[in-house]
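The values are calculated or read from the model by the stated rules, or taken from the named source; none is laboratory data. This is a predicted model, so every value here is computed, not measured. For neighbour counting, all protein chains shown are included, and Cβ atoms are generated from backbone atoms with ideal geometry for every residue, glycine included.
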Amino acid sequence: MAVPSAAAFRPPEEILGNCAAMCVYEKGSGYPCPYTPTYPVRFFSDGDFDWRAPYRDGSYVEVGKGKILSTVHETVQADGSWEAQWFGGNQLLAPALLNHVTHCACYYAKGTGMGTYWYLSNYGVAAVPNSTHLTVESVCMPYLANMKHCPASNASAFATFPPPWIEAYKGCDRDTGDAASLSVIFV
């Protein structure tokens, strides 16, 4: 079996850098939004991403990291609008009350052009508690192997899975500064 090149896991150009995210509530998703109105998410060219999302009530800051684990399928239209789909996973590193869970999911992103608003829908395939001491790959790849691939479109994923976690992004600043992932010190 041929192994895809690192370029296959590269996110769409439109989402690279420091991005300002907002949760979008989807009825029935079971994912209420506890965060401040916007929170930072960084997407790196190697397929890694991370975030720090302060809770609205000031009680916690959620810290997490994630990784694209499949080839990114992207379509760009002549007017600059775009859609992309991939399989990946993310890990909730803090606060501990979130059980250090790893989420494995099918991701669908779409936007209207570079530097404009875009949306990310995350359809959960598995949630594995107390697994952040393992790599995202070791936790999530067995689920991808079992599924073979994610549904081809956001619409087909919506028909297949329970409602998604959805985020809206205000665009991304391409000046990512240091490319090192988020470091966290647990006390």
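Residues in segment 56-96 that are in a loop (DSSP other than H, G, I, E, B), touching a residue at least 12 places away in the same chain (Cβ under 8 Å) and surrounded by fewer than 18 Cβ atoms within 10 Å (Cβ to Cβ): Arg56, Asp57, Tyr60, Thr71, Asp79, Gly80, Ser81, Pro95.
Rundown of residues vs (1) in a strand (DSSP E or B); (2) at pLDDT 95 or above; (3) of a type in the set (Asp, Glu); (4) under 16 Å from the mean Cα position of the chain (by Cα), yes/no style:
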| site | (1), (2), (3), (4) |
| --- | --- |
| Ser138 | no, yes, no, no |
| Met141 | no, yes, no, yes |
| Ala145 | no, no, no, no |
| His149 | no, no, no, no |
| Pro163 | no, no, no, yes |
| Ile166 | yes, no, no, yes |
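Output the residue which, of all residues in segment 1-30 that are part of a loop (DSSP other than H, G, I, E, B), modelled with pLDDT under 85 and aliphatic (A, V, I, L, M), is nearest to Gly124 (Cα to Cα). Among those that are part of a loop (DSSP other than H, G, I, E, B), modelled with pLDDT under 85 and aliphatic (A, V, I, L, M), it is Val3.
Of the set (1) closer than 22 Å to Cys150 by Cα; (2) modelled with pLDDT under 95, all apply to Cys33 but (1).
Candidates are the residues of segment 94-115 that are under 16 Å from the mean Cα position of the chain (by Cα) and among the hydrophobic types (A, V, I, L, M, F, W, C); the one that is nearest to Gly80 (Cα to Cα) is Ala109.
If the condition is being under 17 Å from Asn99 (Cα atoms), out of contact with any Ser or Thr (no Cβ under 7 Å at 6 or more places or on another chain) and of a type in the set (A, V, I, L, M, F, W, C), then segment 117-133 contributes Ala126, Ala127.
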